[in-house]
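Asker: There's a structure below that I have some questions on.
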Amino acid sequence: MLSKKTKYGIKALTFLARQKNNFPVQIAEIAKSETISIKFLESILLLLRHSGFLGAKKGKGGGYYLIKDPKEINMAHVYRILEGPIALLPCASHNFYEPCEDCADETTCAVRKLMTEVRDNTLMILENNTLADIAF
C-alpha cells in the first residue's frame, strides 16, 4: 500500500508542476490546496529538496519550486526517494535485495516469482511516467 508520505509528495510535486512560470509557492498554499498537514508537508518537501527535485527561496515571495523540468522527473526515482524499494519483498528487489530467512530455495519460491512479476510491472509503469505525464 502506498504511504501517505509518498501520496502527498506526488500530490505536492504535481501541484508545483502545474504552476505557471515556476514561481516559488508557500507550503501553506500547497497544504491547503492538496489537503495536507503543513507540518507533514514540510518534512516531505525538505526530503524532495535534498533529493534534488525542489529549490527553496526564503523571505517575501519565497517558497518551494521545481528545479527540474517535469519531463525530467521520473516517477520511479520519486517513488524510491519517498517510499523506498519498489519490490514488495526484499528477495524480489533489484536495489535492496535481501534473502528471506524462511525461504529454503529462492529459485522455486512461488511467492518470490509472483512478487518479482509485480515489481517488474510496477517498475515499468513508474519508469515510463514523468511528472509531466501525470501533472498535465
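Asker: Relative to the first principal axis of the alpha-carbon coordinates of the chain, what is the inclination of helix 4-17, with its axis defined by its Cα atoms, in degrees from 0 to 90 and to the nearest 10?
Answerer: 40 degrees
Asker: Helix 110-127 versus the longest principal axis of the chain: what is the Cα-based angle in degrees, 0 to 90, to the nearest 10?
Answerer: On a 0 to 90 degree scale, this one is about 30.
Asker: At a temperature of 20 °C and a viscosity of 1.002 mPa s, determine how fast the chain diffuses translationally according to Stokes-Einstein, using the Kirkwood radius over alpha-carbon pairs as Rh; express D in µm²/s, rounded to the nearest whole number.
Answerer: Reported coefficient: 132 µm²/s.
Asker: Let me have the 222 nm mean residue ellipticity of the chain computed from DSSP H runs of 4+ only, each contributing -39500 (n - 2.57), with the sum over all residues rounded to the nearest 500. Mind showing how you got there, number by number?
Answerer: Values: 6 runs with 66 residues, N = 136.
Calculated mean residue ellipticity at 222 nm is -14500 deg cm²/dmol.
Asker: Dipole magnitude of the chain about its Cα centre, charges +1 at Lys/Arg Cβ and -1 at Asp/Glu Cβ only, in debye to the nearest 20?
Answerer: Using Cβ point charges on Lys, Arg, Asp and Glu, the chain gives about 1060 debye.
Asker: Still on this structure: Roughly how many debye, to the nearest 20, is the charge dipole of the range 72-134 about its Cα centre, given +1 on each Lys and Arg Cβ, -1 on each Asp and Glu Cβ, and no other charges?
Answerer: The dipole of the range 72-134 has a size of about 80 debye.
Asker: Over 10 Å intervals from 0, what percent of Cα-Cα pairs in the range 72-134 sits in each interval?
Answerer: For the range 72-134, the binned pair fractions read 22, 46, 23, 8, 1 percent.
Asker: If I fit a long axis through the Cα atoms of helix 38-50 and take the longest principal axis of the Cα atoms of the chain, what angle between them do I get, 0 to 90°, rounded to 10?
Answerer: 70 degrees
We did not get these values from a lab; they are worked out from the coordinates using the rules stated. Keep in mind it's a predicted model, so treat the numbers as computed, not measured. FYI the Cβ positions are ideal-geometry reconstructions off the backbone, even for glycines, and counts take in every protein chain you see.
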